[in-house]
Amino acid sequence: MKNKKATTPAGSGRGWPGCLLYGFLILFVASSWGEARAGVKPQFGLEGYGGASKLFILSPWVGVRFGLGSEVSLIFRYNYHNFRYDYYGSDGLGGSMLKTMKADISRISGTLYFSREKLSGYVNMSYLTGSDGYRGFLADSGLEYKFSENIAGLWTVYSIREKSVLWHPEETVRWINTYSMRLGMKFWLVKNLAFNPNLYLMKNSEEVEGVSYSVGVVYSPNWWLAIHAYYFRYGETAFYVFRGNYFSAGLNFYF
């Protein structure tokens, strides 16, 4: 079987440069509208994630926030994800050889976000399409509660239903459901700089279970800017190719 090659997101026909151009067009229109309407603001950012098996995911995104009141916002986003990683697959002669999986995923999402003095949270729904007939439906929600000026607790739940060979190259295409819960804390070390440890519990419809953790820092010198850097340790009971160490970083603007 030949190596997977990067293809355009399903239905786009433009490849990732076209997707980014489309996303920035949305941002330009949203920004122009935002100048006319105080309750509409642009958002955008760039995030990267990489580690074991030479996994690397580059994820630029753009969005627009609609203010629905002093405490509630509705946010629409377009995310583009470019994946690549190495794995051992069939060489066609009964042996194995090192190959590279490449894929592109587009994600369109809508998020309802609220924020109060001590409690903030969100509910998100997403639709994903991509290479090799990839399709996915994602739902997640979360809460953050500030116990004091310097300490907050985090809780999120996440569910995704995917039809893809993205994480299972050379296997039968099938629907797989994955469920995850995150428990975390935030400790503000100094003004605008928070330390964030997290624990993740995961299970999918194929009885694969996993426990992972991450530690990182989030720096937000202004209300509209957030910079983060994290170390992840990922583990699960199958697909050992992905067990290992990962790092992520991001620069995001939330106007």
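Each value in this text was obtained by applying a stated rule to the coordinates, not by laboratory testing. Model, not experiment: these values are computed from the prediction. Note that we place each Cβ from the backbone using ideal geometry, even for glycine, and neighbour counts take in every protein chain shown.
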field: Residues Phe253 and Val208, FRET efficiency given R0 of 41 Å [Cβ-Cβ distance, rounded to 0.05]
entry: 0.70
query: Which whole-angstrom value gives the distance between the alpha carbon centres of the stretch 155-202 and the stretch 117-135?
result: 12
- prompt: Which whole-number percentage describes the relative contact order of the stretch 15-254, with Cα contacts under 8 Å and a sequence gap of 6 or more?
  reply: 14
- line: Correct semi-axes for the stretch 113-199, from √(5λ) of the alpha-carbon gyration tensor and rounded to whole Å with the largest first, are 35, 14, 10
field: By average C-beta atoms within 10 angstrom, highest first, the peptides 146-156, 129-139
entry: 129-139, 146-156
field: Label-point separation, Phe195 to Arg161 (7 Å along Cα→Cβ), nm
entry: 4.2
message: Between Phe147 and Tyr88, what is the label-point separation in nm under the 7 Å Cα-to-beta-carbon projection?
response: 4.6
- request: Could you check the simple spin-label distance between Arg174 and Leu225, using points 7 Å along Cα→Cβ, in nm with one decimal?
  value: 4.9
HN-Hα J in Hz across the stretch 55-66 - Karplus 6.51, -1.76, 1.60, θ = phi - 60°, x for Gly and Pro: 5, 9, 10, 9, 9, x, 8, 9, x, 9, 10, 9
task: Would you please give the FRET efficiency between Ala238 and Phe76, computed as 1/(1 + (r/R0)^6) with r the Cβ-Cβ distance and R0 = 30 Å, to the nearest 0.05?
output: 0.25
field: Convex hull volume per residue in cubic angstrom - Cα atoms of the stretch 15-254
entry: 123
task: Please arrange Arg77, Arg233, Arg116 by counting, for each residue, the other beta carbons lying within 10 Å of its beta carbon, fewest first.
output: Arg116, Arg233, Arg77
message: Starting from 0.36 nm per residue, how many nanometres of slack lie between Val123 and Lys54 once their C-alpha separation is accounted for?
response: 21.6 nm
